[in-house]
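The values are calculated or read from the model by the stated rules, or taken from the named source; none is laboratory data. These figures come from a predicted structure and were not determined experimentally. Every residue, glycine among them, receives a Cβ derived from its backbone with ideal geometry; neighbour counts consider all protein chains shown. Just so you know, the surface numbers come from the protein's heavy atoms only, side chains and all, with ligands and any DNA or RNA stripped out. Shrake-Rupley method; radii C 1.70, N 1.55, O 1.52, S 1.80 Å.
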Amino acid sequence: MAAVALATILPVAHAQAAPPTTAEVTKTWLADCAVCHGRDGRGTFRAPSLEGRGAATVDYELTTGRMPLPATASSTAKVKRHKPAYDAATITALTDYVTTLTGGGPAIPSVDLTHADVAKGGEQFRLQCAACHAWAGDGGALLHREAPALHASTPVQVAEAVRVGPGVMPAFGQAALDDQQLADVVAYVRYLDKPKDRGGNSLWHLGPMPEGAVAWVLGIGFLLLVTAWIGEREPKA
Ligand code: HEC
Ligand code: HEC
């Protein structure tokens with residue numbers, strides 16, 4: 001038992017101690033990724049080619065824990081956010097390795113929020129993102145859209161998703177959102193996640209009017225239900 005426990009603890013401690021060597025990274029790639037993406041990263045029947053997808057895509061997939069998909073995953077398995085499988089140093093090294101192997105592509109975007117305008121970000125968000133991620137960034141379940149909630153996303157992950165368009169999400173280039181507008185949107189997504197602003201209050205982003213309106217609709221709906229119920233209970237003439 002003790003030996004098993006040690007074996008599970010040791011590799012982790014080791015990985016955090018120092019950035020992995022090229023040999024170690026190669027080994028990780030071959031063991032954890034190549035089975036699906038191919039040794040050369042050009043794809044197999046199990047996974048797409050990573051050619052030209054760049055550091056932005058690889059870093060997004062690894063830091064959101066979407067990759068590596070478990071080797072036992074079915075071909076129709078949904079790719080979801082998880083705790084990352086690797087520590088930060090390994091993610092950086094693996095990202096460099098994969099990017100070099102598959103011929104570059106978009107770099108990890110740098111996000112400077114110093115001059116970001118949350119209000120303008122909100123406008124862009126409602127225009128370009130809310131149809132899938134919902135007004136408050138809670139995800140598309142209620143809209144019957146396959147888009148995740150954004151509350152766990154870091155600023156860099158938001159920028160990466162916007163620029164590379166992971167999965168079925170479209171990519172937004174400079175024409176759709178220039179760097180300033182991207183910073184605004186990132187600031188807005190982070191703002192959506194302010195703890196004070198969560199829980200029961202997320203409709204606030206629509207402004208006080210719609211929230212009142214929703215209360216109205218719900219209230220009237222409830223009254224109608226009660227009326228219908230009472231009506232049904234009336235003795236028949
Ligand atoms: C079990 C198979 C499997 C394994 C193992 C796997 N992947 Fe994937 N990977 C996939 C599939 C399937 C997709 C496409 C998912 C989608 O369309 O949302 C994908 C998508 C990706 C993408 C996004 C590609 C794009 O064009 O947007 C990256 C980057 C990636 N994988 C990197 C990795 C790395 C790095 C590893 C190893 C740490 C890895 N994957 C392990 C199956 C796998
Ligand atoms: C057509 C629907 C659609 C639109 C429009 C869209 N997204 Fe997405 N978005 C998705 C889907 C689907 C995913 C999951 C992708 C994957 O498989 O990794 C996603 C993923 C994300 C993620 C990663 C969430 C995480 O787990 O950390 C972020 C951040 C994000 N989107 C932000 C945006 C922003 C900002 C916009 C507007 C500029 C936007 N999205 C527009 C569908 C959409």
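With a ≥ b ≥ c taken as the square roots of the eigenvalues of the C-alpha gyration tensor of segment 118-206, please select rounded if a/c is under 1.5 and otherwise prolate if a/b is larger than b/c or oblate if it is not? Taking the square roots of the gyration eigenvalues as a ≥ b ≥ c, segment 118-206 is oblate. Given a 1.4 Å probe and the protein chains as shown, residue 118 ends up with an accessible area of around 60 Å².
The phi-based Karplus calculation (6.51 cos²θ - 1.76 cosθ + 1.60; θ = phi - 60°) puts the 3J(HN,Hα) values of segment 167-184 at x, 8, 6, x, 7, 10, x, 4, 5, 7, 8, 6, 4, 5, 5, 5, 4, 4 Hz, whole numbers, x for Gly and Pro.
Computed over protein heavy atoms with a 1.4 Å probe, the accessible surface of segment 30-171 works out to 55 Å² per residue. Under 16 Å of direct C-alpha separation, and excluding same-chain neighbours fewer than eight residues apart, residue 78 reaches these aspartates and glutamates: 61, 146.
Scalar couplings 3J(HN,Hα) for segment 137-149, obtained by applying the Karplus form with A = 6.51, B = -1.76, C = 1.60 to θ = phi - 60°, are x, 7, x, x, 3, 6, 8, 6, 10, 8, 10, x, 5 Hz; x denotes Gly and Pro.
Given their separation in residues at 0.36 nm each and the Cα-Cα distance between them, residue 35 and residue 119 gain 25.7 nm when the chain is fully extended.
A probe of 1.4 angstrom, applied to the heavy atoms of all protein chains, finds residue 120 with accessible area near 110 square angstrom. Extending 7 Å from Cα along the Cβ direction at residue 45 and again at residue 127 yields two label points whose distance is 4.6 nm. Amide H contacts of residue 165 (H built 1.01 Å from N, in plane; Pro and chain starts excluded): 172 sit under 5 Å, all sequence-distant by 5 or more or on other chains.
Computed from phi, the 3J(HN,Hα) profile of segment 49-55 under the Karplus parametrisation 6.51, -1.76, 1.60 (θ = phi - 60°) reads 5, 9, 4, x, 6, x, 4 Hz, with x in place of Gly and Pro. Within a straight-line Cα-Cα reach of under 14 Å, residue 194 can be paired with the following aspartates and glutamates, leaving aside sequence neighbours fewer than 8 residues apart in one chain: 138.
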